[in-house]
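Below: the structure, in structure tokens.
Please treat every number below as a calculation from the coordinates, not as lab data. These numbers come from a predicted model, not from an experiment. Heads up, the Cβs are rebuilt from the backbone with ideal geometry, glycines too, and the neighbour counts pull from every protein chain shown.
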Amino acid sequence: MAYIGQSLTEGTRRVYTYVATASQTTFNAVYGVGAVDVYQNGVLLSPADYTASDGTTVVLGTGAAYLDEITVVCHNTFSVSDTLSLSGGTLSGNIRAPLFDTDQNTTKTAIFQVNADTLTTDATIAANDNASANGPLTIDTGVTLTVNGTLTVI
């Protein structure tokens, strides 16, 4: 399937396809241990049918037949770092929303940030929260804004 935009590097996959020689058991592939699927002639093998433990080779428990097609699908894995847990943490420095520039195919820090000008659902700013909005700000009839912390309208 075609993808418009920058190529994906996280959450993607790498596929290796081989045509086996008689009784071939070892196939090369770069993968994260535990993030690989192996197919023999289009049939997904059970992890019990192969060993994929070193990140560079997949070894079948039973040798493939001559001209069997072996496909190794390696799922790229990633982890999120530098995040705050739901139980809290401390932020420092200037934090700004990213902006994707489709002309340059790059991500930049936004100079202008846009927010809605009308509050349409009830909202509460907690006592330990600071909030800001670019004004003027309108609150729909019947909608309640409760400010227990700090709200700055710029």
Take L145, L44, L60 and order them by how many other Cβ atoms sit within 10 Å, fewest up front. L44, L145, L60
Region 112-153: C-alpha pair distances exceeding 17 Å, %: 31
